[in-house]
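To start, the structure itself, in structure tokens.
The values are calculated or read from the model by the stated rules, or taken from the named source; none is laboratory data. Owing to the predicted nature of the structure, the values given are computational and were not obtained by experimental measurement. As a convention, Cβ positions derive from the backbone with ideal geometry for all residues, glycine included, and neighbour counts pool all protein chains shown.
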Amino acid sequence: MSITQSPLTEQPNTWQEAVKQLITCPTALLQFLELQPSQLDWQIDKHFPLRVSMSFAAKMQKANPQDPLLRQVLSSKEESLPTHNYTEDPLQEKAVNPIPGVLHKFKSRILLTLTQSCPVHCRYCFRRYFPYEANRVSTKTWPAIKAYLQADPGIQEIVLSGGDPLMLPDERIGEFLAYLEDVQHIKIIRFHTRFPIIIPERVTPHFVNMLNQSRFKKIMIYHVNHAQELCATIKAGVSLLQQAQIPVLNQSVLLKDVNDKAQTLIDLSWQLFAHGILPYYVHLLDAVQGTGHFAVDKTQAFALEQSLRHHLPGYLVPKFVKEVPGEPAKVPL
Ligand SMILES: *Cc1c(COP(=O)(O)O)cnc(C)c1O
Ligand code: SF4
């Protein structure tokens with residue numbers, strides 16, 4: 001039998017191929033969107049360059065310089081504006097970083113940065129200046145992480161965050177979970193991920209089978225900011241997870257000119273529900289340098305939350321929260 005080459009398609013058909021084909025050239029993106037470079041106030045950022053998938057770009061509206069998805073990924077000249085009180089480490093995460101890869105801020109759970117990379121560079125990212133190099137996790141640092149967990153029986157949950165934990169191959173994630181299984185007081189593994197939104201093909205039967213091998217209870221927190229980011233492939237992935245009793249929740253970041261209108265957030269909640277996902281948090285933007293143009297003030301955020309309460313069933317109203325350094329949990333508005 002001869003092997004026939006599959007025809008070239010515009011969309012890559014595995015998530016690994018999609019990662020290889022990430023868009024990194026702003027002019028190529030603008031061309032794809034049928035936009036003239038002069039229609040937007042964009043810039044090249046060498047430190048935190050453009051990175052986005054073809055499938056996410058395909059969800060953007062052509063010829064719309066104000067597209068809410070484009071605004072999340074294309075660097076704007078506004079990033080260079082000086083912003084009062086905006087710093088590189090507004091959450092003072094360096095103070096709660098006891099060993100490489102571990103952020104231990106809240107009592108019952110720790111956050112692990114297993115990888116440094118994401119399939120997308122979100123312009124508002126609160127970890128864009130995070131010292132990932134000093135927090136590099138590898139099989140060499142796993143024993144230190146395990147020892148840290150063993151020393152604190154109060155820790156019941158591990159939040160895998162990022163970078164995006166789903167950048168790792170299934171086998172590596174599986175090995176890590178298996179490695180931690182004998183720490184008896186760990187009950188739950190939580191994934192914080194934007195990967196299935198950027199590359200929806202990531203959630204495969206292979207991935208879910210790998211999760212099923214682990215004794216831990218699993219939960220996924222997706223990161224969707226706008227209803228336009230959702231699609232049938234995302235829904236199919238959620239359905240696979242649900243068949244394995246893995247709940248899927250969502251957190252958003254409140255972003256000016258992306259999702260700062262009540263109707264946008266109401267649509268988002270309904271569409272999340274239609275895709276099998278429940279809203280969890282809406283985060284107020286952290287004061288990270290270069291993100292001031294995304295800020296929504298507290299008064300407006302409060303009004304938005306009120307409006308959501310008035311228009312949505314209680315189970316579709318996300319909690320509006322802010323991260324305050326030193327607080328024992330995220331702080332409600
Ligand atoms: C947000 C966060 C968590 C998880 O908080 P929940 O309120 O349980 O979702 C855990 N650790 C760190 C360091 C965090 O920033
Ligand atoms: S996916 Fe999350 S961690 Fe990665 S760039 Fe976007 S906001 Fe930052």
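Below is a table of values for the structure above.
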| item | result |
| --- | --- |
| Per-region count, the stretch 144-175, residues more than 16 Å from ligand 2 (Cβ to nearest atom), within 22 Å of residue 106 (Cα to Cα) and of a type outside the set (Lys, Arg) | 14 |
| Selection from the stretch 98-113 of residues that are more than 15 Å from ligand 2 (Cβ to nearest atom) and under 20 Å from the mean Cα position of the chain (by Cα) | 102, 104, 105, 106, 109, 110 |
| Residue satisfying all of: in the stretch 144-162; within 20 Å of the chain's Cα centre (by Cα) and surrounded by fewer than 21 Cβ atoms within 10 Å (Cβ to Cβ); nearest to ligand 1 (Cβ to nearest atom) among these | 159 |
| Which numbered condition residue 274 misses (of (1) over 27 Å from residue 16 (Cβ atoms); (2) crowded, with 21+ Cβ neighbours inside 10 Å) | (2) |
| Subset of the stretch 43-56 [out of contact with any helix residue (DSSP H, G or I) (no Cβ under 6 Å at 6 or more places or on another chain) and either loosely packed, with under 14 Cβ neighbours inside 10 Å or not hydroxyl-bearing (Ser, Thr, Tyr) (or both)] | 44, 45, 46, 47, 48, 49, 51, 54 |
| Near pairs, Cβ below 6 angstrom, 6+ apart or cross-chain, from the stretch 132-152 (of a type outside the set (Ser, Thr, Tyr)) to any residue that is in a loop (DSSP other than H, G, I, E, B) | 135/100; 135/101; 137/101; 137/114; 144/99; 149/155; 149/183; 150/183 |
| Lone unmet requirement of (1) in contact with a Ser or Thr (Cβ under 9 Å, 6 or more places away or on another chain); (2) surrounded by fewer than 17 Cβ atoms within 10 Å (Cβ to Cβ) for residue 266 | (2) |
| Among the residues listed as 294, 302, 273, the single one being of a type outside the set (A, V, I, L, M), assigned by TED's automatic domain parsing to the domain that holds residue 129 and within 16 Å of ligand 2 (Cβ to nearest atom) | 294 |
